[in-house]
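Asker: Please see the structure below; I have some questions.
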Amino acid sequence: MTYTDIERQWTTRLRRRFVRLLPPEKLMPDTQPSYVSSWIYVFGVTTMAALIVVIASGCVLALGGPQWWHTSSVGHFVNSLHLWSVEIFFFAMVVHLWGKYFMAAWRGGRALTWMTGVVTFLTSVAAAFTGYLCQTNFDSQWIATQAKDGINATGAGAYWNVLNMGQMLMWHIVLLPIAAVLLTTLHVLLVRIKGVVPPFEEAARVEANQ
């Protein structure tokens, strides 16, 4: 195989494009602008840290099935850890979302970064909803029966049956977590490519110096 043939391979072209978009110093930076020390930038990292705990505790819960934590003290602890990590996840994500909204985080060609964050939030809401449906207790039954009419009214109930605990469990532990992790990964990569959005005053100062 000649050098020209190697250059034409799709893997070579893809690797070169990826390295051009995300050189090592961008993908794994060891420094950040001084304004990143502001508290508002902390909530994005907090969201990802909580997501890791959510997934890890969910994997432990999956080892014993959807009901063992009702009768096991260890299972009850892990379930509580799972619940409170979800609470922290959504609290941090909402603060992060609103903080970036008021910072107009779509500035500087970052619209796709903003949209992936919004879609990740909506996906996480669906994941949390299916989680409540998988509690295998009266609460989950009540939530399912109250939600079914609204979902059926949209026509989605023909494909997404909230009264089908098995279907909701699979959505909760497989499909929606995969979607959330992939979207989060894409979101972080876009942040690395475009950089962290600067505050308005910092952007104005840079623009004035140019």
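The values are calculated or read from the model by the stated rules, or taken from the named source; none is laboratory data. On a predicted model such as this, the values are computed, not experimentally measured, just so you know. A quick note on method: Cβ atoms are made from the backbone with ideal geometry, for glycine too, and the neighbour counts reach across all protein chains shown. All accessible areas refer to the heavy atoms of the entire protein, side chains included, with ligands and DNA or RNA removed. Shrake-Rupley method; radii C 1.70, N 1.55, O 1.52, S 1.80 Å.
Asker: Please calculate the 1.4 Å probe accessible area of residue 149, with all protein chains present, and give it to the nearest 10 Å².
Answerer: Near enough 90 Å² of accessible area.
Asker: Moving to a separate point now. Report the label-to-label distance for residue 59 and residue 115 in nanometres (one decimal), using points 7 Å from each Cα along the Cα→Cβ vector.
Answerer: 3.2
Asker: Keeping all protein chains in position, work out how much accessible area residue 113 exposes to a 1.4 Å probe, and write it in Å² to the nearest 10.
Answerer: 20
Asker: So what's the angle, to the nearest 10 degrees on a 0 to 90 scale, between helix 111-133 and the longest Cα principal axis of the chain?
Answerer: Once rounded, one gets 10 degrees.
Asker: Using Cα positions and a limit of under 28 Å, work out the lysines in reach of residue 100, with same-chain residues fewer than 8 apart set aside.
Answerer: 26, 194
Asker: Could you order 57, 38 so the one with the most accessible surface comes first? Probe is 1.4 Å.
Answerer: Working: 57 5, 38 45 Å².
The residues order as 38, 57, largest area first.
Asker: Next question. By how many nm would the segment from residue 12 to residue 164 lengthen if fully extended, with 0.36 nm per residue of separation less the alpha-carbon distance? Mind dumping the intermediate values first?
Answerer: Numbers: separation 152, 0.36 × 152 = 54.72 nm, distance 4.64 nm.
Result: 50.1 nm gained on full extension.
Asker: Please get the size of the charge dipole for segment 5-138, origin at its Cα centre, with Cβ charges of +1 on Lys and Arg and -1 on Asp and Glu, quoted in debye to the nearest 20.
Answerer: Working: 10 positive and 5 negative charges, 131 e Å.
Roughly 620 debye for segment 5-138.
Asker: Please give the contour-minus-distance gain from residue 84 to residue 125: 0.36 nm per residue of separation, less the Cα-Cα distance, rounded to one decimal in nm. The partial results should precede the final answer.
Answerer: Numbers: separation 41, 0.36 × 41 = 14.76 nm, distance 1.51 nm.
Using 0.36 nm per residue and subtracting the Cα-Cα distance, I get 13.2 nm.
Asker: Same structure, new question: Whenever you get a sec, compute what percent of the accessible area on segment 59-202 sits on carbon and sulfur atoms (1.4 Å probe).
Answerer: The nonpolar share, carbon plus sulfur, comes to 73 percent.
Asker: As a test of reading the structure, rank 171, 98 by solvent-accessible area (1.4 Å probe, protein chains only), most first. Let's see the in-between values first.
Answerer: Values: 171 80, 98 135 Å².
Putting 171, 98 in descending order of accessible area: 98, 171.
Asker: A follow-up question, please. Probe radius 1.4 Å, ligands and nucleic acids left out: which of 89, 18 has the largest accessible area, and how do the rest follow? Working shown, then result.
Answerer: Values: 89 15, 18 100 Å².
The ordering from most to least exposed comes out as 18, 89.
Asker: Specify which residue in the list 135, 11, 161 is farthest towards the positive end of the charge dipole of the chain, using unit charges on the beta carbon of Lys, Arg (+1) and Asp, Glu (-1), about the Cα centre.
Answerer: 11
Asker: Using 0.36 nm per residue of separation minus the Cα-Cα distance, give me the extension gain between residue 107 and residue 204 in nm, one decimal. It would help to have the intermediate numbers written out before the result.
Answerer: Working: separation 97, 0.36 × 97 = 34.92 nm, distance 1.21 nm.
Length gained, residue 107 through residue 204: 33.7 nm.
Asker: Then there is this: Using only Cα positions of segment 52-135, each an equal point scatterer, no hydration layer, compute I(q)/I(0) via Debye at q = 0.17, 0.23 Å⁻¹ and quote the log10 values to two decimals.
Answerer: Taking Cα atoms of segment 52-135 as identical point scatterers yields -0.74, -1.07.
Asker: Taking the Cα atoms only, what angle lies between the long axis of helix 200-209 and the longest principal axis of the chain, rounded to 10 degrees?
Answerer: The angle comes out near 10 degrees.
Asker: Another question about this same structure. In units of 2.2 N^0.38 Å, what is the alpha-carbon radius of gyration of the chain?
Answerer: Details: Rg = 21.5 Å, N = 210, 2.2 N^0.38 = 16.8 Å.
The chain yields a ratio of 1.28.
Asker: In addition: What list of ³J(HN,Hα) values in whole Hz, one per residue of segment 46-53 in order, does the Karplus curve 6.51 cos²θ - 1.76 cosθ + 1.60 (θ = phi - 60°) give from phi, with Gly and Pro shown as x?
Answerer: 4, 4, 5, 5, 5, 4, 4, 5
Asker: Then there is this: When a/c reaches 1.5 or more, the comparison of a/b and b/c decides; with that in mind, is segment 138-210 rounded, prolate or oblate per its Cα gyration tensor? Intermediate values should be presented prior to the final figure.
Answerer: Working: a/c = 4.03, a/b = 2.80, b/c = 1.44.
Verdict is prolate for segment 138-210.
Asker: Nearest 10 degrees is fine. How inclined is helix 138-154 to the longest principal axis of the chain, computing both from alpha carbons?
Answerer: 60
Asker: Moving on. Determine the per residue accessible area of the chain with all protein chains present and a 1.4 angstrom probe, expressed in square angstrom. Working shown, then result.
Answerer: Numbers: 13520 Å² over 210 residues.
Result: 64 Å² per residue.
Asker: Let me ask another. Could you pull the Cα extents of segment 83-122 along its three principal axes, largest to smallest, in whole Å?
Answerer: Largest to smallest, the principal-axis extents are 36, 17, 10 Å.
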